[in-house]
Structures are given as structure tokens and as C-alpha cells.
Amino acid sequence: MHHSRVNHVSSSSDRLPSKGRTGAAHGKVSPAITILGIESSCDETAAAIMTDGILRSHAIATQTIHAQYAGVVPELAARAHEQMIVSIVARALQQANIQLKELDAIAVTQGPGLLGGLLVGIAYANGLGMACELPVLGIHHTRAHLLANFIEKPHPTFPFLGLIVSGGHTQLVLCRSPYEMTLLGSTLDDAVGEAFDKIARMMGIKAYPGGIYVDRYAAGGDPRRFSFPSTKVGGYDFSFSGIKTAFLYFLAKAEQQDPNFAAKHRADLCASIQWALVDMLVTKVTFAMEKTGLNQLVLGGGVANNSLLRERLSALAAARGWHFFVPDKPFCTDNAAMIAMAGHYLFSQKNYKPPINIIPLPRMAL
Ligand code: KG4
Ligand code: ZN
């Protein structure tokens, strides 16, 4: 079953509880919890405000400078975060009509991610936390991609199987609670988003990241026109470098005959390679759902926006009687609403470390 959701994003605060009033969540009197979420681990500078798990605002600046390099340049990303962070946080506060003194905690991405970007967000959060005497909660970025499914209703219940598919990660995760997540398997080489982006590049798609364009061109193509070998690795793990190389060789050979091959057959190439990549994900998900015996499947990360992946997992879930959840599109790619959501769970469970100096963990383990 596929649950689509109404977007609750709002810039007004009048229908929501403010600090000191009753917490709406359980109908009992408890102070509302308001969290500021901050994300800066890759190429989006984002901030969000959440009260009692309800999103009140989110602001995002996507860095465009990397397109000309066909990949995120860490040093440039860090500088762009530094330029944007103050105004993005100010915008989120303003849109939610929230003053700093109304906050209960600051949640910030601690890792995994690019060190320079993490440093900007964390240094800012630590400083703001000290000035406002607020706890600073370090959030795991890829866990938060799964918790993005709790921003809108209906949302999953624990336990569930999580599939994180992004530019940096491809992971299958057994989720028992917001803080108990066990890694079952992950990619042994490239992330699936990275494979999409590199393949887009090989076809001459200049925009970055190219994954979304592969999806778009595929809409007009035949997925059976070309076939590409899927890579088989054991257990819960994935591998995408083989298929990427196979695509490169296939294209190089075809272009020896016809230098315009990629441009002429763009739609069919996109549809065929997208089918192959998505099929590898669907195969592993099927294996993992059967092996774990879970009946809820939860998707997260930028590639969760892929239309074929959504379609195929949704159909599979319907056929097998599983519940399938995927965030609304703005909450699949990097955003701060998911960081605030994770912060809300940590703070409301008091399951957080004291507000002492969060440090970046670029390789933070799941
Ligand atoms: O989660 P995200 O914003 O950043 C990371 O944490 O990596 O994911 C970005 C990735 C990129 O590789 C991008 O090409 C891919 O998500 N992506 C897509 C689609 N939309 C975004 N890949 C395939 N189809 C899409 N529709
Ligand atoms: Zn991400």
C-alpha cells in the first residue's frame, strides 16, 4: 500500500501550539517541544522548525556552483554553507514566527558527510546553543533520511525495513525505534545515486546531479531496448560499479560506429539503465523483506524520488501485502525537516547527550 500525504509545511504558527501551552500530540498537558534543525553535510544549507513533531517551516538553499565540476567540491561547499547559514536559519525562524527564546533544542547533522560543511553547521549550532543555553543534539544524517517518513501522516510504525538510497549511500537498515537502527547491508562500491549521476554524465547530460534527468528522459523510452548486466553480490549488500563500467564500455563501442549514438538513443538508454539499476534495488528489498519477515518497507534519500523505483516498490508492496512508505519529494533529498524530526525524537525521549561541544563525524557509523 502506498500512502501519499498532504504537505503540512506552513509559514503561519497560529494553528499550532506554542511553548508553554499544551502539547497537542497526546492530548495531555505538557510543554510543547520546539526544535531547530540544521543540515549542511553536502550541498544544501537547510534549516527547519518543528513543534511537537509538526513541521512549521523549512528553508533550503541548494548550491549551484558544483554543476560546472560535475560533482560536489568540498571546499566550495563549505564556503557556500558559511555564506548561507545565518540567513537560512533566520528565514526558518521567521516563517514559523518563532523567536530564539521559544526553542527547546537545536538538532544538527553530525555525520556522515563532508567535513567542511559539517563544521559550518556544527560550529553555528554549538555557538547558538551556548548563547541561548540550549542543548545541541548531533543527528545521524542517513538515519534522518528514514525518519523523514514521520514528517507527514500516516507514518510507519516500528519495526520496519529501511532502504536508504542517495548520492552517497545505499543501505538496508533494520529499524526497531528512532534510535535503534541496525545496518543489514550496504553498497560495496558506488552508491546508487552516484551510479545514476555518472551514467548521466557518460550520456552527455551536463546538469548535476544527473539522476533526475535520467528519470525524466526515461519516461519517453523503452526499458527493454538495451539490457545491462546486474551485479550479483551475496546477502544484503549491493554493488553498482560493475554496471556503470558495463554501460561505459557499451557506449564507447556504440559510439565508434555512430558518434551521436547516446544523443540519438537517449530516452531508450535512460529507460534501460534505469530499469537495470532499480531492478537491483527491488531484488535486494524482496530478499530482505522475506528474510526479516517484516511487513513495512520505508524508503529514504534522493533516489527515493525516482519514479520507477516508487512505482515498482509500491506495486511489489501491494502484491505482497506490505505497507510501503516514501517521504514527499522535498523530504527525500537533503533537508532540515528530517534533522528536526530526528531531534524531536531524541529530545522527547531525553535520549541525548548534554550540550557540550558536538564534533563532526564525517564517517559516522549507522
Ligand atoms: O539524499 P540526497 O539529496 O543527497 C545525498 O545525501 O547524497 O541525494 C542526491 C542523489 C543524487 O545522486 C541524485 O541524482 C539522486 O539523488 N536523485 C535521483 C532522482 N532525484 C534525485 N536519482 C534518480 N532519479 C531521481 N528522480
Ligand atoms: Zn542525504
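The values are calculated or read from the model by the stated rules, or taken from the named source; none is laboratory data. Everything numeric here is computed off the predicted structure, so don't read it as measured data. Here the Cβ positions follow ideal geometry from the backbone for every residue, glycine too, while neighbour counts run over all protein chains shown. SASA here: full protein model, heavy atoms, side chains in, ligands and nucleic acids out. Shrake-Rupley method; radii C 1.70, N 1.55, O 1.52, S 1.80 Å.
From the list Phe324, Phe347, which one is open to solvent by less than 40 Å² (accessible area, probe 1.4 Å), within 22 Å of Tyr179 (Cβ to Cβ) and either more than 16 Å from ligand 1 (Cβ to nearest atom) or modelled with pLDDT under 95 (or both)? If you could, list the steps in order and put the result at the bottom.
Numbers: Phe324 fails: within 22 Å of Tyr179 (Cβ to Cβ).
Exactly one of Phe324, Phe347 is open to solvent by less than 40 Å² (accessible area, probe 1.4 Å), within 22 Å of Tyr179 (Cβ to Cβ) and either more than 16 Å from ligand 1 (Cβ to nearest atom) or modelled with pLDDT under 95 (or both), namely Phe347.
From the list Leu308, Leu299, Leu294, pick out the single residue that is open to solvent by less than 30 Å² (accessible area, probe 1.4 Å) and in contact with a Lys or Arg (Cβ under 8 Å, 6 or more places away or on another chain). Lay out the reasoning, then the answer.
Numbers: Leu308 fails: in contact with a Lys or Arg (Cβ under 8 Å, 6 or more places away or on another chain); Leu294 fails: in contact with a Lys or Arg (Cβ under 8 Å, 6 or more places away or on another chain).
Only one candidate passes the filter, namely Leu299.
Those residues that are in contact (Cβ under 8 Å) with a residue 60 or more places away in the chain and either assigned to a helix (DSSP H, G or I) or hydrophobic (A, V, I, L, M, F, W, C) (or both), I need them from region 288-305; list them, please.
Ala288, Met289, Thr292, Leu294, Leu297, Val298, Leu299, Gly302, Val303, Ala304, Asn305
Can you find even one residue in region 238-249 that is farther than 16 Å from Asp279 by Cβ, surrounded by 20 or more Cβ atoms within 10 Å (Cβ to Cβ), of a type outside the set (A, V, I, L, M, F, W, C) and in contact with a helix residue (DSSP H, G or I) (Cβ under 8 Å, 6 or more places away or on another chain)? Step through it out loud before you land on a result.
The initial filter retains those residues of region 238-249 that are farther than 16 Å from Asp279 by Cβ, namely 241, 245, 248-249.
In the following step, the residues that additionally are surrounded by 20 or more Cβ atoms within 10 Å (Cβ to Cβ) were identified as none.
No, there is no match, as no residue in region 238-249 is farther than 16 Å from Asp279 by Cβ, surrounded by 20 or more Cβ atoms within 10 Å (Cβ to Cβ), of a type outside the set (A, V, I, L, M, F, W, C) and in contact with a helix residue (DSSP H, G or I) (Cβ under 8 Å, 6 or more places away or on another chain).
For region 194-202, state whether one or more residues are in contact with a strand residue (DSSP E or B) (Cβ under 8 Å, 6 or more places away or on another chain), within 16 Å of ligand 2 (Cβ to nearest atom) and either of a type in the set (Lys, Arg) or within 21 Å of Leu366 (Cβ to Cβ) (or both).
Scanning region 194-202, I find no residue that is in contact with a strand residue (DSSP E or B) (Cβ under 8 Å, 6 or more places away or on another chain), within 16 Å of ligand 2 (Cβ to nearest atom) and either of a type in the set (Lys, Arg) or within 21 Å of Leu366 (Cβ to Cβ) (or both), so the answer is no.
Is region 75-96 home to any residue that is within 16 Å of ligand 2 (Cβ to nearest atom) and either out of contact with any Pro (no Cβ under 8 Å at 6 or more places or on another chain) or under 20 Å from Ser348 (Cα atoms) (or both)?
Yes, there is a match, as at least one residue in region 75-96 is within 16 Å of ligand 2 (Cβ to nearest atom) and either out of contact with any Pro (no Cβ under 8 Å at 6 or more places or on another chain) or under 20 Å from Ser348 (Cα atoms) (or both).
Just one of the numbered conditions (1) surrounded by fewer than 24 Cβ atoms within 10 Å (Cβ to Cβ); (2) more than 29 Å from Ile205 (Cβ to Cβ); (3) in contact (Cβ under 8 Å) with a residue 12 or more places away in the chain is not true of Ala276; which one?
With respect to (1) surrounded by fewer than 24 Cβ atoms within 10 Å (Cβ to Cβ); (2) more than 29 Å from Ile205 (Cβ to Cβ); (3) in contact (Cβ under 8 Å) with a residue 12 or more places away in the chain, Ala276 is out only on (2).
Between a residue in region 176-194 that is under 16 Å from Lys284 (Cβ atoms) and any residue that is open to solvent by 60 Å² or more (accessible area, probe 1.4 Å) and aliphatic (A, V, I, L, M), which pairs come within a Cβ distance under 9 Å, given they are 6 or more apart or on different chains?
That search, which allows pairs on different chains as well, returns Leu183/Ala365.
Given the residues Glu44, Glu102, Glu82, Glu75, which is the only one that is in contact with a helix residue (DSSP H, G or I) (Cβ under 6 Å, 6 or more places away or on another chain), touching a residue at least 12 places away in the same chain (Cβ under 8 Å) and surrounded by fewer than 24 Cβ atoms within 10 Å (Cβ to Cβ)?
Glu82
May I ask you to say which residue of Tyr208, Tyr179 is within 30 Å of Lys253 (Cβ to Cβ) and among the aromatic types (Phe, Trp, Tyr)?
Exactly one residue qualifies, and that residue is Tyr208.
Could you pull out every one of the strands (runs of 3 or more DSSP E) wholly within region 43-161 that has 1 or more residues that are of a type in the set (Lys, Arg)?
54-62
Would you mind stating whether Gly168 is at pLDDT below 95 and open to solvent by 10 Å² or more (accessible area, probe 1.4 Å)? Can you show your working first?
Values: at pLDDT below 95: yes; open to solvent by 10 Å² or more (accessible area, probe 1.4 Å): yes.
When the stated conditions are applied, Gly168 passes them.
Please tell me if Asn357 is open to solvent by 30 Å² or more (accessible area, probe 1.4 Å) and in contact with a Phe, Trp or Tyr (Cβ under 7 Å, 6 or more places away or on another chain).
Spelling it out, it is not the case that Asn357 is open to solvent by 30 Å² or more (accessible area, probe 1.4 Å) and in contact with a Phe, Trp or Tyr (Cβ under 7 Å, 6 or more places away or on another chain).
Six or more apart or on different chains, Cβ under 8 Å: which pairs go from a residue in region 306-331 that's within 16 Å of ligand 2 (Cβ to nearest atom) to one that's basic (Lys, Arg)? Could you list them?
Listed by first residue and then by second, the contacts come to Val326/Arg310; Asp328/Arg5.
Quick check: is even one residue across region 213-231 open to solvent by 40 Å² or more (accessible area, probe 1.4 Å), of a type outside the set (Asp, Glu) and near ligand 1 (Cβ under 9 Å from one of its atoms)?
Yes, there is a match, as at least one residue in region 213-231 is open to solvent by 40 Å² or more (accessible area, probe 1.4 Å), of a type outside the set (Asp, Glu) and near ligand 1 (Cβ under 9 Å from one of its atoms).
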